[in-house]
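Here it is, the structure, as structure tokens.
The numbers here are math on the coordinates, done by the rules we state, and not lab data. Given the structure is predicted, the values throughout are model-derived calculations rather than measurements. Glycine gets a Cβ as well: all are built from the backbone with ideal geometry, and neighbour counts include every protein chain shown.
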Amino acid sequence: MSICAEHHMLDFERSHWEGVDKLAVECREHGEERLRWGTLIMKEKFADWTARHKLN
């Protein structure tokens, strides 16, 4: 439940970002996630994906 609330809070904050700041933060987050994902083996990718996509 708390994870879901945290995701909603982050979505709300992101919806209020504007301009260059919004683009800079989104680009940095996307780059960091791609780098992290690229270092994982298939088993770790599966575990990561299933952890982030749990059915409530």
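Filter region 35-46 down to residues that are surrounded by 10 or more Cβ atoms within 10 Å (Cβ to Cβ) and under 15 Å from the mean Cα position of the chain (by Cα), then give me how many there are. Walk me through how you get there before you give the answer.
Going residue by residue through region 35-46, those that are surrounded by 10 or more Cβ atoms within 10 Å (Cβ to Cβ) are 36-37, 40, 44-46.
Filter once more, keeping what is under 15 Å from the mean Cα position of the chain (by Cα): 36-37, 45.
So the count comes out to 3.
Please go through region 1-42 and pick out each residue that is within 20 Å of residue 55 (Cα to Cα) and assigned to a helix (DSSP H, G or I). Can you show your working first?
Step one: of region 1-42, the residues within 20 Å of residue 55 (Cα to Cα) are 1-11.
Once the filter is applied, which keeps residues that are within 20 Å of residue 55 (Cα to Cα) and assigned to a helix (DSSP H, G or I), region 1-42 yields 2, 3, 4, 5, 6, 7, 8, 9, 10, 11.
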